[in-house]
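Peer 1: Please read through the structure below; I'll follow up with questions.
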Amino acid sequence: MASRSARKAGPSPETAAAHEAARIRARSGPTPLVRGAGIHGTIMITVRKILHTGTTRTVGGREGHARSDDGRLDIKLTPPGAPGDGTHPEQLFAACWSACFISALRHASHARRIEFPADTSVVAEVDLGHGEQGFFLQARFAVSMPGIAPELAQRLIDAAHQNCPYSKATRGNVDVAIEVV
């Protein structure tokens, strides 16, 4: 009779999380998502086709570690101001949102047959703050589109802000200031 210690170990936590995410995605039909109640009330969104899924497993919160299911992302998390070389959620969110926003700018430019400047950049700042009702985020973007007139850049930024998935996800919940630089 085999002892308990001789049994095979189960899948790693990362593998188990990836399997669970795949199982959830495999459900047939549109996936209704309820976005939290913001200033516009509760908004129902129906995802008809999933284009991409990012899966991570995080342990330890702000003083922990995060790793993607494919191993491409493997980072240490450290609270702001604490010793250590890790990053924090606000930096990650700023990087993700600004990368997505640049893609939305590229799409807005191409839809209008405007050459998209390869050196377009977004400096994104995401603040974690505290108010009477708890913790909140706010954000500021400084968008540079070299060679594009400021008025045209502003129109492209407005279109990108309407279509960027991160902007949509935060609309009504996060104060955002965007400027052309």
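Peer 1: Consider just the alpha-carbon atoms of the stretch 88-181 and return their Rg together with their Dmax, both in angstrom.
Peer 2: 13.6, 46
Peer 1: So how much slack lies between ARG113 and HIS130, counting 0.36 nm per residue of separation and subtracting their Cα-Cα distance, in nm?
Peer 2: Full extension of this stretch gives 1.8 nm more.
Peer 1: For LEU105, LEU128, which order do you get if you count the other beta carbons within 10 Å of each Cβ and list the fewest first?
Peer 2: LEU128, LEU105
Peer 1: If you find the alpha carbon centre of the stretch 137-181 and of the stretch 56-99, how far apart are they in angstrom?
Peer 2: Cα centres, the stretch 137-181 to the stretch 56-99: 24 Å.
Peer 1: Mind sorting LYS49, LYS168 by how few other Cβ atoms lie within 10 Å of their own Cβ, fewest first?
Peer 2: Ordered from fewest to most neighbouring Cβ atoms within 10 Å, LYS49, LYS168 come out as LYS49, LYS168.
A short reminder: the numbers here are calculations on the coordinates, not readings from a lab. A quick note: this is a predicted structure, and the numbers were derived from the prediction, not measured. FYI the Cβ positions are ideal-geometry reconstructions off the backbone, even for glycines, and counts take in every protein chain you see.
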